[in-house]
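Heads up: the structure comes next, in structure tokens.
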Amino acid sequence: MNPPAKPSGRGCDEDAAHKFYSPDLLPCPFCGGVAKFTEGRDEFRFFVVTCQECFAQTESDHLRSVAIERWNRRSPTTEKP
């Protein structure tokens, strides 16, 4: 039996990627889902924030704090009356 295929993602070696929940992350502005930040390595260490529901994500950055700031700076979801 063959092992399941690894998802491809931004040139990241999934074995080297680490996903973390962070209390600093706001809910997804598109669906309200929970976000995680991923620390990975390609040529350099990088961080990406991704919604676990709709898979919206930030661009990668070399600083965790900048990736989180980019995620939290996006427009919040609006409540429907």
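The values are calculated or read from the model by the stated rules, or taken from the named source; none is laboratory data. A quick note: this is a predicted structure, and the numbers were derived from the prediction, not measured. Heads up, the Cβs are rebuilt from the backbone with ideal geometry, glycines too, and the neighbour counts pull from every protein chain shown.
For Glu14, work out the one condition from (1) at pLDDT 65 or above; (2) under 14 Å from the mean Cα position of the chain (by Cα) it doesn't fulfil. Of everything listed in (1) at pLDDT 65 or above; (2) under 14 Å from the mean Cα position of the chain (by Cα), Glu14 misses just condition (1). For segment 33-61, the candidate set comprises residues that are surrounded by fewer than 16 Cβ atoms within 10 Å (Cβ to Cβ) and aromatic (Phe, Trp, Tyr); within that set, the residue that is nearest to Tyr21 (Cα to Cα) is Phe55. For segment 62-73, the set of residues classified as crowded, with 20+ Cβ neighbours inside 10 Å and of a type in the set (Val, Ile, Thr) consists of Ile68 only.
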